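Following: one structure in structure tokens, then a few remarks.
Read-outs throughout are calculated quantities, based only on the coordinates presented, and are distinct from any laboratory measurement. Since this is a predicted model, take the numbers as computed values, not measurements. Cβ placement follows ideal geometry from the backbone for every residue including glycine, while neighbour counts extend to all protein chains displayed.
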Amino acid sequence: MYIISIINALFKKYHKRLNEDSLMHTPEFVIKPRSHTVWEKQCVRLHCTISGWPEPRVVWYKNNVSIDPMAKPGKYKVESSYSVHSLEINKCDFDDTAQYRVSAMNSKGETSAFASVVVKSHVYHCVASPLLFITTHIVEKFGVSFGREGETLSFGCSVIIYPSLQRFQPEIEWYRDNKLLVQSKWVQMHWSGDRATLTLSHLNKEDEGLYTLRVITKSGFETHSAYVFVRDADAEVAGAPGAPLDVQSLDANKDYVIVTWKQPAVDGGSPILGYFVDRCEVGMTHWFQCNDTPVKFARFPVTGLVEGRSYVFRVRAVNKVGMSHPSRVSEPVAAMDPADRTRKGTTRTTKQIHKNKTKTKQAVKYTGVVPGRPRDLSVIEATKNYVVLSWKPPGDKGHEGVMYYVEKCVSGTDSWQRVNTEIPVKSPRFALFDLAEGKSYRFRVRCCNSAGVGEPSEPTEATTVGDKLDIPSAPGRVVPTRNTDTSVVVSWEASRAAKELVGYYIESSIAGRNTWEPCNNKPVKGTRFICHGLTTEESYVFRVRAVNAAGISDFSQESEAIKVKAAIASPTPPYGITVLECVRDSMVLAWKQPTFIGGADITGYFIDYREVIGGVPGKWHEANIKSVSERAYRVSELKENMLYQFQVRAANMAGVGIPSLPSETFKCEEWTIAVPGPPHDLQVQEVRKDSLVLLWKAPVYQGRDPVNGYYIDIKEAEADFEMWRGVNEKATNKTFMKVCIHDLKEGESYVFRVRAQNKAGVGKASDPTEPVEAVTKPGTAEIVVNVDDDGVISLNFECSNLTADSKFVWSKNYKEMTEPERMTLETKGSKSKAIFKTPSEEDLGIYSCFVTHTDGASASYTLSEETLKELLKISHDHKFPIIPLKTELAVELLEKGRVRFWLQAEKISANGKIEYVFNDNVIHQGEMNFDKNTGVIEMFMESLGKEDEGTFTFQLQDGKATNQSSLVLIGDVFKQLQKESEFQKKEWIRKQGPHFVEYLGYEVTPECCVRLKCKVANMKKDSVALWYKDGREIKVNEKLDFSEGVLTLEITQISKKDAGIYEVVLKDDRGKDTSTLNLTDQGNTAEKGFKSTITIIKLTPYTNVH
């Protein structure tokens, strides 16, 4: 029994160890699935062996979309038995060519393996086989383009062909305004194998129009169109008109041709006076002007051509400022009979040769016969500059070498005048110039040959010289409507009773500026046109003119102003429907926002669901009657273990959009997995070339334990699934993260996903974001912190590409601040600011601003404790600014004993004010100076009395800035300053008259004499110097004379009797000064070294004093 109990204990201990977490591990592939290449209609089976504890959940994916066998019954078969898992695909076709992934996941993690399946067709080797259905897709499409005359413009599209066949080239056609283009010196077309390109060399306004690419295969065709605008080149002379366009040669004959053109849209600011037509013979370089005076009619007959030669033409416009650039040259035209032009280049048959021989015989037969009358003479065109006649040759075809004379006469007379008197014309067309405008004429024609001149034709009816074609009337009401952010659709009422209308020109101007710019440089024939290249959010007005050969009409009335912004439409379908949580009778769905929201904010979403029974979908049912604003919704009242599909529709103010594609088929069964579900609603903000901010929402399904962190993964957008790599090694507990990866390749696109974790492990990854290009877009702005003059701290963000619907959304720690208690949000135009009310540590955090309805304009600013301290210091300095001082208040004594109090400010404006304060009382007396250039401030006092003991203060104010400096003068400090002041005052008074510079002293000379001397100054003629000893004047016989301002008294053989007090007195009418020397002790000392007999008492003058 004892042994059995031991065995049971060991057995329990063994099972306990088996259940420990240390034995749990992530799934591992023992055998991975391998790739297969199969023929159509064959079956393929992918299988693998997976280990892991707890037992992993296995899901098969096709191109990263999970495979639901119930969605296509019989197509897929999924089996799992004893760690062996397989996917069988029946009756493979082209659509089964894909990358397949098998994912194994348990509470410890997830792992995947990949295999490719390629399905080959038996007809792939035969490109021309009618059994092969080829599809094409046009991608990377060219958009609306703008060019300028003389430039070269290239554009094109990439073409994806499926299936991909070697050496297969679809038929590529290019059209302009629905006319097929052919290769020429102006147009070059190129196919590189996957891209069709069109190049327009040396642009002219004739190249403007709607360009269409058509890709044609035997299975059908696909097209793409966009407009190309060509602006005028800069004129050689400012204010000259634009060049005419679309020059053509019509009705060419032996010596005559009609040249037509279209008027330019730009007249340079002055009316066009007319046009000059130039011709040039093919092969030559010299241009010859055909008309001496400008013609206003956009049609002109050119005569005098040499039969058999070819010509090209061009036209120039002129106004009062100057001449335009010449137009693009016309196509060459030969001066010959139209019948000969038709026959030229054709192969003649034997019958035609016989016929020509017959004509030659007939010509010989009619040699010497005068020709008959011309037939059907008429006036085909009449303007005020010319009249054009047309007729047919005589009925008898046998007349060879027939030419014509034209005659005219004024109506009401019978006086005929020959017009071409010198040379007859060869063509049955003739243009008459120099006719009197307003007069009526009749015309007739005669034939002539070598035999003579025939009878005249029947005369025409009377024709009045003048323009028969009227200029069109102004178009009617112009109505603009919104189209895109940079274009407006303009429609108008057609000109009434307009004849031979060429088209319309449209002009635009920013509302209120009256500065008009052409929207098209080539006339459009319809009454609707899309004007591109406008500025978003700017208001424009439009006007229209009509054009025909006679000229350009007056402008229509201006349209109403319209702001340029995208037209509102219902949103496109949402996409990416996923399940965030599932219980027995409900599911939480999530989806992604439509790629196009229709130009207005999405107001909500509507969700539909349907049951799928036996692979057959049922009817759709509404899940919500009232729209939901979030992109997540719980669909309730579902049936447990039933299969469902879902669809979502988005709504805005324009209406409810079309529904999304049906989702995958989801089974309504309660999730029991321990790890969390996927995070959702991933958003990317603040995209820069080396960083971005990723936001997400927490999983709806938490698992067995609460979520305690998140991991972010990244990979290149085009990289394979196994290229996912982690961004953060340690889980973050926030629902946002700034991703700073310095090895990002600028311009490369990346996708991101997020995984949540709890105690049980890491859960399923979220759906990846849309590809994000690592680039800092031009014009990207950052949040700027500012402290204004009042010390108010604010965060400022500016966006240059706002739309009418854009809004600034401020967040703290990426949670929107709708009504912040500690901040005030202000937005004016393109600028927004978040103002701190009372900044403190409560305001620390990350502040971000996102602008809606833009291309992702956003930025953030981190307010740290250190930054806040620095900002508060700056704020205090701005609230209470201080005038900086170079020196503090100081005192110094001047002559006369005056006292100077002064300081110097480092910077003070001319508006600065100073107050002088003594013991808290403002001083208004005394001399006060303020030098605003140097900042020196000073105050002067004549003297210091007992009442002046105390504290002196200078108070400065310059606007809001203030400062003060004080000086305390009390006690010994004050008494010493007062004493020095009094002394300086006395000294100054003393020095106003004769005075001592050096007081009386003595020296012993080398001759052993004692010399008393002093130095004096400010002496004049009347000044006297008196010497005294012991109060008795020392008499000298010599006159006082000072050569160097020094007085001396020499005592030779000094003895005790010479001891005493010596005094010198200087005086005149200005005052006196006294200096005394006590020689009592000095005399005794001197006696020891010198003899005691006084031999000479002499006053030695050193300076002359005047």
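Segment 822-875 and segment 32-56 have Cα centres separated by 55 Å.
Helix 971-990 axis versus longest C-alpha principal axis of the chain: approximately 80°, rounded to the nearest ten. Just name one of 605, 192, 579: the one whose Cα is farthest towards the positive end of the charge dipole of the chain (beta-carbon charges, Lys/Arg +1, Asp/Glu -1). The residue sitting farthest along the positive end of the dipole is 192.
Dipole magnitude for segment 865-923: computed about the Cα centre from +1 point charges on Lys and Arg Cβ and -1 point charges on Asp and Glu Cβ, it is near 300 debye. Between 663, 614, 641, the Cα set farthest toward the positive side of the dipole of segment 603-679 (charges on each charged residue's Cβ, about the Cα centre) is that of 663.
With charges set only on the Cβ (+1 for Lys and Arg, -1 for Asp and Glu), what does the dipole of the chain come to about its Cα centre, in debye to the nearest 20? The partial results should precede the final answer.
Details: 142 positive and 142 negative charges, 905 e Å.
Using Cβ point charges on Lys, Arg, Asp and Glu, the chain gives about 4340 debye.
Helix content alone sets the calculated 222 nm mean residue ellipticity of the chain: runs of n ≥ 4 DSSP H residues at -39500 (n - 2.57) each, divided across all residues, give -2500 deg cm²/dmol. Each Cα pair under 8 Å and six or more residues apart adds its separation to the average, and for the chain the resulting relative contact order is 5 percent.
Pull out a ≥ b ≥ c, the square roots of the eigenvalues of the alpha-carbon gyration tensor of the chain, then state rounded if a/c is under 1.5, prolate if not and a/b is larger than b/c, and oblate in the remaining case. Don't skip to the answer; put the middle values down first.
Numbers: a/c = 3.58, a/b = 1.45, b/c = 2.47.
Oblate, because a/c is 1.5 or more while a/b does not exceed b/c.
The three principal axes of the Cα atoms in segment 442-563 give end-to-end lengths of 79, 26, 22 Å, sorted in falling order.
Dipole of segment 970-1040 computed with +1 at Lys/Arg Cβ and -1 at Asp/Glu Cβ about the Cα centre; of 1001, 984, 1024, farthest Cα towards the positive end is 1024.
When Rg and the Kirkwood radius Rh are both evaluated on Cα atoms of segment 664-802, their ratio Rg/Rh stands at 1.08. Largest first, the extents of the alpha carbon coordinates of segment 724-785 on the three principal axes equal 46, 31, 20 Å. On a 0 to 90 degree scale, rounded to 10, what angle separates helix 865-879 from the longest Cα axis of the chain? Tilt of helix 865-879: around 70 degrees.
Against the longest alpha carbon principal axis of the chain, how many degrees, from 0 to 90 and to the nearest 10, is the axis of helix 2-18 turned? The two axes meet at around 80 degrees.
Output the direction-averaged projected area (hull surface divided by four) of the convex hull of the alpha-carbon atoms of segment 736-843, in nm².
Numbers: hull surface 43.8 nm².
Mean shadow area of the hull around the Cα atoms is 10.9 nm².
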